[in-house]
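What follows is a single structure, written as structure tokens, with notes after it.
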Amino acid sequence: MTVRSTGAKRAPPPVEPARQLSLPLFDPLHAPPGASGPGASSGGSMRVARLCEHWLRYELRRSRRRTIGFVIDERGLRVTAPRWIPVDEIEQALQDKASWIVRKLAEWRAHQARRDRLTVRWEHGAPLRYLGQTLTLCVAHNARRTEREGDRLLVGLPAQARAEQLKDRVQCWLQARAREVFAERIEWFDSRHGFRPRRWSLSSARTRWGSCSADGSIRLNWRLVHFPPEIVDYVIAHELAHLRELNHGARFWQIVGDLFPDYERARAWLRDFPEDTVSH
């Protein structure tokens, strides 16, 4: 997830510097006031700035580049600046974007929280989201297959089974359930609204929840089975609507609304869960 704000290239002093920012969202390290400190990569030093009442630790690197650059990723904030630009000017560049950085920080934290809720730990006792509910993974050496028992998912494996074995078994189970759930919902939409694809299949795409081809076939991401049933219905309705309108124009959304009246709420909910959130 990347957000960019760019400026013109700088010339050496005394010309007033422009600022170039490349800012993917991040979860920075908060720290009390202080100067440089440990944790910087080779060639950098750690510093602290106060942005909108938040203390932010960042890494400052000097280089031969002609602009000030900001990069934010899972390691925090890194600032790269020409050797001749003073620190107070670099910190002023941070202040100029302070409210924007803090706003994006909140978005990043929310994004990370969603990832944490859906990231599966492949171990006995770990939670697993299934159709909006939480199941508990249970490695059971006496179980012959993978099956749901109340709020537990029993997986027939020896106690010393590797995490990869557990992952394979559970994903096979999830994909089988996805086929059942999607087939039932497609049949429901057909019986109520007369929308049926020529054929449909599961997808493991990393970039989209569903797709519709011009030949009338649709693909549905099996990872949707993690989400509540109404979200599954929205995605199916979305792809079925493409059977009539292979675009996202006004007529398309009218059809989506006919198939699934509460689509705006479901659309907003799903927008908060980028596809990479469940790419396990």
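Only the coordinates and a few stated rules stand behind these numbers; no lab work does. It should be emphasised that the depicted structure is a prediction, and the values quoted were computed from it without experimental measurement. No Cβ is skipped: glycine too gets one built from the backbone with ideal geometry, and neighbour counts run over all protein chains shown.
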- Task: With +1 on each Lys and Arg Cβ and -1 on each Asp and Glu Cβ, and nothing else charged, work out how big the dipole of the stretch 127-278 is about its Cα centre, in Debye to the nearest 20.
- Result: 400
- Percent of all alpha-carbon pairs of the stretch 108-256 at distances over 27 Å, whole number, is 32
